[in-house]
Amino acid sequence: MAFINQEAKEIHCKVVYYGPSLGGKTTNMQWVYQNAVKKHEGASELFDFPASPERTLFFDFLPFEVGEIRGLRTRFHLYTVPGQVVYDSSRRLILKGLDGVIFVADSQLERMDENIEALKNLERNLEVQGYDIKEVPLIIQYNKRDLPNIASVAELRAALNKYNAPDFEGNAAIGRGVMESLRTVSKAIVTVLKGGEGQ
Ligand SMILES: Nc1nc2c(ncn2[C@@H]2O[C@H](COP(=O)(O)OP(=O)(O)OP(=O)(O)O)[C@@H](O)[C@H]2O)c(=O)[nH]1
Ligand SMILES: [Mg+2]
């Protein structure tokens with residue numbers, strides 16, 4: 001849930017990149033940081049904690065295009081933690097206070113089971129944190145479209161997009177689908193916040 005910093009006149013929104021290990025979550029965030037955020041006023045450093053076992057990646061920024069909500073500037077905080085099964089407790093924690101999720105799926109055929117498992121894990125962990133996945137702004141990105149052994153979008157959609165979330169094809173390594181995913185989740189979050197009661 002977004003929180004307000006009255007002094008800075010900012011509303012803070014939290015977006016979490018979630019998905020199977022090696023699907024491209026970190027690559028998405030690095031692309032956003034390098035290509036869209038670094039030059040923005042008010043962007044933080046890219047915090048990377050390679051020494052910690054959770055390898056949390058984090059930064060926040062004020063996107064130009066989002067504008068104000070009730071006189072408050074919107075600051076977005078982007079987070080990810082590794083998709084490997086062993087990091088489940090970190091993944092559960094990172095979902096606390098979230099406003100939206102970008103689920104980065106790996107399009108390769110042999111990763112289908114892991115995509116499905118990661119989505120179930122997201123559903124479970126959201127529930128543990130008191131969220132219903134149907135009510136959280138959710139975007140699905142079918143990443144690694146450049147590789148040869150990939151499932152069709154129709155197959156991925158049938159397996160992963162039972163919630164009818166906005167979905168995009170991606171090649172995060174070159175930025176394809178990256179900003180589309182982030183912009184779409186940002187818009188969905190702003191719509192929720194504008195429609196909500198006073199915070
Ligand atoms: N070919 C290709 N490789 C990609 C793409 N996106 C990411 N990669 C590569 O896939 C590997 C894993 O990407 P990461 O971004 O580290 O994946 P992750 O989801 O953060 O992985 P964990 O943090 O371990 O869960 C890296 O070698 C990336 O360069 C893509 O669209 N196409
Ligand atoms: Mg990562």
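Would you check which residues across segment 156-186 are touching a residue at least 40 places away in the same chain (Cβ under 8 Å), away from ligand 1 (no atom under 16 Å from the Cβ) and not aliphatic (A, V, I, L, M) and list them?
Arg183, Thr184, Ser186
Answer with yes or no whether Glu127 is modelled with pLDDT of 95 or more and buried (at least 16 other Cβ atoms within 10 Å of the Cβ). Outline the logic, then answer.
Values: modelled with pLDDT of 95 or more: yes; buried (at least 16 other Cβ atoms within 10 Å of the Cβ): no.
No; evaluated as a whole, the condition is false for this residue.
If you scan segment 134-184, which residues turn out to be basic (Lys, Arg) and either touching a strand residue (DSSP E or B) at 6+ places or on another chain (Cβ under 9 Å) or within 16 Å of ligand 2 (Cβ to nearest atom) (or both)?
Lys144, Arg145, Arg157, Arg176, listed by residue number.
Please list, ordered by residue number, the strands (runs of 3 or more DSSP E) wholly in segment 1-77 having 1 or more residues that are modelled with pLDDT of 90 or more and under 30 Å from Glu114 (Cα atoms). Explain how you work it out, then say what you get.
Values: elements: 3-5, 10-18, 57-61.
Filter on segment 1-77 gives 10-18.
Of the conditions (1) under 21 Å from Tyr87 (Cβ atoms); (2) surrounded by 14 or more Cβ atoms within 10 Å (Cβ to Cβ), Lys120 fails just one. Which one is it?
The failed condition is (2).
The values are calculated or read from the model by the stated rules, or taken from the named source; none is laboratory data. What you are looking at is a predicted structure, and each value in this text was computed from that prediction instead of being measured. Every residue, glycine among them, receives a Cβ derived from its backbone with ideal geometry; neighbour counts consider all protein chains shown.
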